[in-house]
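J.: I'd like to ask some things about the structure below.
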Amino acid sequence: MGESQVIATADGESTCTAVSSSYAHRIDPVLKAQGEVLFVELGMSLGTVINVFLKKAVRVRGFPFDVSLDEPSKETLVAILEAERVARDDDLRAYGVDEALAELKR
């Protein structure tokens, strides 16, 4: 993490400046390129975007966006349960594509 540095100016005043530090991380090259295209359109470099993210995260003391596990909708859950039930039911007959189409035409 970068440290602050106090610098005395010519008039005897002091200012506080941040000393930068670097951080290396592996990023999917396609994702990085897509992000860079977007952020260039917004007038920012990837480094600036990372700094904006970190500043906002520190200010809100958490992620600056909702982080949660995606949960399926009720309709999807019902479909999943139905598919599991059908998969376990030995009394149901499996159809091939041709058989299924023929059955639908009846």
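J.: Against the definition (of a type in the set (A, V, I, L, M, F, W, C) and either part of a helix (DSSP H, G or I) or under 30 Å from TYR23 (Cβ atoms) (or both)), how does LEU81 come out, yes or no?
T.: Answer is yes for this residue.
J.: Filtering region 91-106 down to residues that are charged (D, E, K, R) and part of a loop (DSSP other than H, G, I, E, B), which residue is modelled with the lowest pLDDT?
T.: ARG93
J.: Here is a further query. What are the residue pairs meeting all of these: first residue in region 52-80, first residue modelled with pLDDT of 90 or more, second residue among the aromatic types (Phe, Trp, Tyr), Cβ atoms under 8 Å, and 6 or more apart or on different chains?
T.: Taking only residues 6 or more apart or on different chains, the pairs are ALA57/PHE63; PRO64/PHE53.
J.: Only one of (1) assigned to a helix (DSSP H, G or I); (2) surrounded by 10 or more Cβ atoms within 10 Å (Cβ to Cβ) fails for GLU75. Which number is that?
T.: With respect to (1) assigned to a helix (DSSP H, G or I); (2) surrounded by 10 or more Cβ atoms within 10 Å (Cβ to Cβ), GLU75 is out only on (2).
J.: Here are some residues: LEU31, LEU46, LEU38. Which one is at pLDDT 65 or above, loosely packed, with under 10 Cβ neighbours inside 10 Å, within 21 Å of PHE65 (Cα to Cα) and of a type outside the set (Lys, Arg)?
T.: LEU31
The values are calculated or read from the model by the stated rules, or taken from the named source; none is laboratory data. From a predicted model like this one, the values you see are computed outputs, not experimental measurements. We place every Cβ from the backbone using ideal geometry, glycine too, and count neighbours over all the protein chains shown.
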